[in-house]
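The block underneath contains the structure these notes are about, expressed in structure tokens.
The values are calculated or read from the model by the stated rules, or taken from the named source; none is laboratory data. Owing to the predicted nature of the structure, the values given are computational and were not obtained by experimental measurement. For neighbour counting, all protein chains shown are included, and Cβ atoms are generated from backbone atoms with ideal geometry for every residue, glycine included. When the accessible area is computed, the model is the full protein with side chains, heavy atoms only, and any ligands, DNA or RNA have been set aside. Shrake-Rupley method; radii C 1.70, N 1.55, O 1.52, S 1.80 Å.
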Amino acid sequence: MKALRFAAITLVSISAPPAIAATQGSLGSSSAATLVVTANGPATPRLVQVLDVEDATLTNSTQSERSPSTPGVTMTFCVVDTYAGAVNLRVSNDPVNGTSSSGWLLKAASGSATIPFVPEITNPSISALYGAFNESNSFNAGITAGQTVSNAAACGAGNVKLHISLPVGQTLPETVGGTTYTTTVTMIATPI
């Protein structure tokens, strides 16, 4: 019987977690107290995604919502952050002639002709400009935490807009047979 009790007591002491508790200071000319600080990391990693982007075609008869007097196009897309936090969106385009400082240029499919263009990233109501072109071929657009969604199903009609237009006063040149100008715009999202 004694052996059985000893085994049961041993089993209980093995399965009980160690006691960790704060200690209170005592009354005196100085007093020290201790506490345990525990930080529990997230169970899932923070992930981001850019969704619902489409190829854009500019003509002299299409306009961007931000620059209605010049040829352009506006598209709405979605930025997802699984924590619904702030996201940096790095926007860049292919360099022309191998230089990253060539700016924002559409290059002719044949030949070396180029046409400048203006990209801008805003919220859906266009009331907040998150980022716009600069002299190099890339810029950062900070998407605020209130603007991102936590999953693709919450995207709806999109939560971010990309506006692409020609500079004010410029139109696409008319050529015999027409000329196609292209570039590739890349958007890379990273959590802030």
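Here N93, N151, N159, N137 are screened, and the one residue that is open to solvent by less than 50 Å² (accessible area, probe 1.4 Å), of a type in the set (S, T, N, Q) and farther than 30 Å from T175 by Cβ is N159.
Looking only at region 46-67, residues that are part of a loop (DSSP other than H, G, I, E, B), on the phi < 0 side of the Ramachandran plot and open to solvent by less than 90 Å² (accessible area, probe 1.4 Å) come to 10 in all. Only a single item in (1) in a loop (DSSP other than H, G, I, E, B); (2) open to solvent by 70 Å² or more (accessible area, probe 1.4 Å); (3) under 21 Å from I143 (Cα atoms); (4) of a type outside the set (S, T, N, Q) is not met by A32, and it is number (3).
Within region 120-134, restricting attention to residues that are hydroxyl-bearing (S, T, Y) and assigned to a strand (DSSP E or B), the residue that is nearest to V168 (Cα to Cα) is T122. When you scan region 105-113, do you find a residue that is within 15 Å of the chain's Cα centre (by Cα) and open to solvent by less than 40 Å² (accessible area, probe 1.4 Å), even just one? No, there is no match, as no residue in region 105-113 is within 15 Å of the chain's Cα centre (by Cα) and open to solvent by less than 40 Å² (accessible area, probe 1.4 Å). For region 135-185, taking the residues that are of a type in the set (S, T, N, Q) and assigned to a strand (DSSP E or B), the one that is modelled with the lowest pLDDT is identified as S138. Taken over region 147-192, the residue count meeting the criterion of being more than 20 Å from S69 (Cα to Cα) and of a type outside the set (G, A, S) is 22.
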